[in-house]
Amino acid sequence: MAGHIRDSLIRMDRVCKAYGDHRILFDISMDVGEREFLTILGPSGCGKTTILRLLGGFETPSSGEIFLDSRPLSGVPAYRRPINTVFQKYSLFSHLNVFENIAFGLRIKKLPREEILRKVGRMLELVNLRGYENRLVNSLSGGQQQRIAIARALVCEPRVLLLDEPLGALDLYLRKEMQIELKNMQTSLGITFIYVTHDQEEALTMSDKVVVMNSGRIQQMGTPEDIYNEPTNVFTSRFIGESNIFDGVMPRDLLVSFGGREHVCVDRGFSPMQEVHVVIRPEDVRVCEPGRGTLRGEVLSSVFKGVHYEMMLKEGDRVWMIHNTKNHPVGTEVGIYFGPEDIHIMKRGEGE
Amino acid sequence: MKRADVNFLQYPYILWAGLFIFIPLVIVLWYSFTVAGADGDAVFSLENYERFLSPVYMQVLSRSAVLAVKSTFICLLIGYPAALIITRLPRMWRNTILLLLVIPMWINFLLRTYAWMVLLGRRGVLNRILEFFGLPGQEWLYTETAVLIGMVYNFLPFMVLPLYSALSRIGKETIEAAEDLGANRFVVFRRVVLPQSVPGVIAGITMVFMPAVSAFVVSALLGGGQYMLIGNLIEQQFLYVGDWHFGSSLSIIMMVVILLTMALVSLYDKGASLEGGNLW
Amino acid sequence: MVKRPVSLIYLCLIFVFLYAPIAVLIVFSFNATRSTYSWGGFSLEWYRALFQDRQIMRALYYTVLVASLSAVISAVAGTAAAVGIHRMKARIRRIFLALNNVPVLNPDIVTGISLMALFTALHLRLGFGSLLLSHITFSIPYVVLCILPKLRQLPAEVTEAAMDLGATPLYAFYRVVIPEIAPGIFTGLLIAFTLSIDDFVISFFTTGSGVNNLSIVVYSMARRGINPKINAVSTLLFAAVFILLLIINKRDAAAKQLEV
């Protein structure tokens, strides 16, 4: 991907934001390239949504400047920016049907009827909602509403699409599916995505570049691999690093092989035998009697952390970190298992 | 910030509310503290309020108050058992019954009162029924009884609704717990139900008392004009006597009485619905 | 606590008390004779007399005219007011909400005489204009109370979403905010219409120059005693108000069903 990324499309130059004495953002500087999928990752209240609102034109920086194509954006109101947003709560227009929701931006541009019909039709195709044109948005499921929100923004053919935790309200399965769809859309449309989330797994699986934020400051910026492998500070390593990351391969979609075994997973869109990173969170690994689980190992250490024990487990040539509510003495053999949805797959080697 | 274009909408309203809600009250207040001077100018004076203290007007006030208290008391007496019964009804009945209770309030106050003229007339339906049973017809209309009936009729739903909302909030478990502890039904009522319904009682009392104190249509139609209440006195001062100063001071006194009652209510009960007061 | 049959009889008696006067009025409006004592046979005589009574017809004309005008004007002004109040800073908003509630909570007689005093101070002759202004004054607060909850339910993001898609703030207001709160505006309009038709006390003090609405005519007729024409007017007014409120409730119920 990196090869396609041109010079910066959006540049934030020492942007600060404060409400009175309350400072939200400190000296944010970053570049977002054309066709880049950039994720701003951080805990709630870290200022990531404020960055989106500054880019969207709903807030103005207290100091610093934002450039689009090297032209400053200050003074350009939201409705004149070639930037569209997918809001956290979808914010669909409940008085309009699906078609009119998507056509909203086109009608403002006063496009001819046939063109609106054609463009909306193509968008409905893209988000798999053909045939839903006349439905009222409130009668649709959360996943469907989210697709409409995305279609409504994309139909305007923005230079940049801002997404504010767009999958937060969806259940796990839908979220996985939408992650893949979003990533595919971004690649095929060639639009720059700026994606905000607090979910590190989401950030790491989808992005070209990740910006880790905390308390209004950028902690680290880089490719997902960089962020994983070389966290430069304690916050990043805490926020990102507490995961088990192993090398693996995808023999085919929905199946990953690591540790000498094949595991069913929920990830799709890989070429056969593609090399991947496998991420499994410590709290997603469950412990059972040896021989019962899918893998077995020896307990290296076990430390009580208040609500759970943090265990280090040696399994083959890998060391697992596991959070478990029950203690297992050091030296004992235990089995471990995890569900398909606990396995997170990251593409490896891309752009390297 | 980006909505600046429609923010101007608050200014016309500020102007409107000032002109048609706030200033009129100021004018009334101003009238109440002035009297017409020798050369027709208004002169500051407390005369209107002093005049109110004279026996004739105190009598009107006390009559209004007594009548309002009486009708409030009767509403409470009739309304409490009714509210209690409604809370004990099956859920699906309850809403229908409450709706039936509210419907008459939708109908013009004046017409509801006029309807009683038809019922209570010398040759009206009530006397017809009495005569059917061989009882002598009575002179109902233009008596205090008629005014009282009219008030109870018009304000009863305002009593029942807040009572119902307070009573329906008492959990079945509370009552069962009390019975479990050995209380008989009378004790349960006196010690559990009654104390917990106090906010509803207070809300009901104010919601009946307020309109009853300011009523002038009921007394004008069913009392036949010879039955003067403070509302009629205000009407008279403004429309027939033309002493707006005195009329205004009467209105201010009435508002103060009502505001005090409302303050009292909000002290006792923040939860009970005052919204019933908006229904007509 | 109270035995079943006894409590049911008690409730029935209360409903007889509440509905008997209305029923009697309606029944006697179809009586062939003047009497409200004995039934002289079914007849539409009083309705015919009603429609030939020029005073009543004029009052009907003013009632409908004032109700329609004040409903439409209050709906428009109330929408602007509600949006204005909604956008106010919290502390100022509280003040204006309280001010908004004054005509709702004040006794009608005080609203009536205070408006009468205002119109006189402004040297506005009491008549059609003052009557219309008064009705608008007491209707706007109810319209505001109907619309404010809709505005509160409307997330700020919806306006932002519209602007994000290229709408100017004004376009967003007319094409998104107004349609989204339209149900509230319509309910407010119906309530304003109903209140206007229903009002007696405030109209009584703020009209003049021979401009009367139905309530005022009924009042002056009723003060002189029972008149069968009033029975007929009443029946028609019952029907009108009843149908209006039925529509309002139907709409509310439908709206609630949609939300569920």
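Data overview
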read-out: Check: the protein assembly as shown dipole with +1 on Lys, Arg Cβ and -1 on Asp, Glu Cβ, in debye; value: 2800
read-out: Tilt relative to chain A, helix A:113-126 - C-alpha long axis, 0 to 90 degrees, to 10; value: 0
read-out: The range A:8-54 versus the range B:204-269: alpha-carbon centroid distance in Å; value: 62
read-out: Counting DSSP beta bridges with both ends in the range A:2-241, the antiparallel % (nearest 5); value: 55
read-out: Sulfur and carbon atoms: percent of accessible area, the protein assembly as shown [1.4 Å]; value: 60
read-out: Counting DSSP beta bridges with both ends in the range A:113-257, the antiparallel % (nearest 5); value: 60
read-out: Signed unit charges on C-beta, dipole axis of the protein assembly as shown, positive-most listed residue B:A42, A:P329, B:L120; value: B:L120
read-out: Average silhouette area of the range C:1-43, convex hull of alpha-carbon atoms, in square nanometres; value: 3.7
read-out: Projected label distance in nm at B:L260 and A:S215, using a 7 Å step from Cα toward the beta-carbon; value: 5.8
read-out: Size of electric dipole in the range A:244-347: Cβ of Lys, Arg +1 and of Asp, Glu -1, about Cα centre, debye, nearest 20; value: 100
read-out: Chain A - charge dipole about Cα centre, Lys and Arg +1 at Cβ, Asp and Glu -1, debye rounded to 20; value: 1320
read-out: Distance from the range C:106-172 to the range C:34-89 (C-alpha centre basis), Å; value: 20
read-out: Acute angle (nearest 10 degrees) that the helix A:172-189 long axis makes with the longest principal axis of chain A, alpha-carbon atoms; value: 50
read-out: Loop-resident sites, the range C:1-104, for chymotrypsin sites (Phe, Trp or Tyr not before Pro), counting at most 16 other Cβ within 10 Å (DSSP); value: C:W39
read-out: Charge dipole of the range B:55-278 about the Cα centre (unit charges at C-beta), most positive-ward option of B:N108, B:Q138, B:S219; value: B:Q138
read-out: Three-way shape label, the range C:53-259, alpha-carbon gyration tensor, a/c 1.5; value: prolate
read-out: Approximate spin-label separation B:F73-B:R123, in nm, with each point projected 7 Å along Cα-to-Cβ; value: 3.8
read-out: Neighbouring partner chain Cβ atoms per residue of A:87-98, average, 10 Å criterion; value: 5
read-out: Burial ranking of peptide ranges A:256-267, A:201-212 (average Cβ count within 10 Å, highest at the top); value: A:201-212, A:256-267
read-out: Accessible area in square angstrom per residue, the range A:194-327, 1.4 angstrom probe; value: 46
read-out: Förster-model FRET efficiency, 22 Å R0, C:R223 and B:V241, C-beta, rounded to 0.05; value: 0.80
read-out: Positive-pole candidate from C:L122, C:V66, C:T33, dipole of chain C, charges at beta carbon; value: C:T33
read-out: Links that overshoot a 22 Å alpha carbon limit, given the list A:K48/A:K183; A:K48/A:K89; A:K48/A:K110; A:K17/A:K109; A:K17/A:K176; B:K70/C:K229; value: A:K48/A:K110; A:K17/A:K109; A:K17/A:K176; B:K70/C:K229
read-out: Using a Förster distance of 60 Å, the FRET efficiency for B:E50-A:Y19 (Cβ separation, nearest 0.05); value: 0.60
read-out: In the C-A interface, the accessible area buried, summed over both sides, Å² (probe 1.4 Å); value: 1800
read-out: Alpha-carbon gyration tensor eigenvalues x 5, square-rooted, for chain A, Å; value: 39, 25, 18
read-out: Within 10 Å of each Cβ in C:139-151, the average number of Cβ atoms from other chains; value: 1
read-out: Ranked by how many other beta carbons lie within 10 Å on average, peptides B:171-181, C:65-75 from highest; value: C:65-75, B:171-181
read-out: Theoretical gain in end-to-end length, B:R169 to B:S62 [0.36 nm per residue, Cα-Cα removed]; value: 34.9 nm
read-out: B/C buried area, accessible surface, summed, 1.4 Å probe, Å²; value: 7700
read-out: Rounded to 10°, Cα long-axis angle of helix B:55-87 versus longest principal axis of chain B; value: 30
read-out: J(HN,Hα) series, the range B:158-165, from Karplus relation 6.51 cos²θ - 1.76 cosθ + 1.60, nearest Hz, glycine and proline x; value: 5, 7, 5, 4, x, 4, 4, 5
read-out: Span-like helix ranges in chain C, DSSP H, alpha carbon extent 15 angstrom or more, Kyte mean at least 1.0; value: C:4-28, C:54-87, C:108-121, C:128-153, C:178-198
read-out: Rounded to 5, percent antiparallel among DSSP beta bridges of the protein assembly as shown; value: 80
read-out: Exercise: per-residue mean of other protein chain Cβ atoms within 10 Å, C:10-17; value: 5
read-out: Overall form of the protein assembly as shown per C-alpha gyration tensor (a/c, 1.5; a/b vs b/c); value: prolate
read-out: C:Y10-C:F186 FRET efficiency (beta carbon distance; Förster radius 35 Å; 0.05 resolution); value: 0.30
read-out: Estimated inter-spin distance, A:E310 and C:S38, nm [label 7 Å along Cα→Cβ]; value: 10.1
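The values are calculated or read from the model by the stated rules, or taken from the named source; none is laboratory data. Keep in mind the model is a prediction, meaning the values are calculated, not measured. FYI the Cβ positions are ideal-geometry reconstructions off the backbone, even for glycines, and counts take in every protein chain you see. With ligands, DNA and RNA removed, areas are computed over all heavy atoms of the protein, side chains included. Shrake-Rupley method; radii C 1.70, N 1.55, O 1.52, S 1.80 Å.
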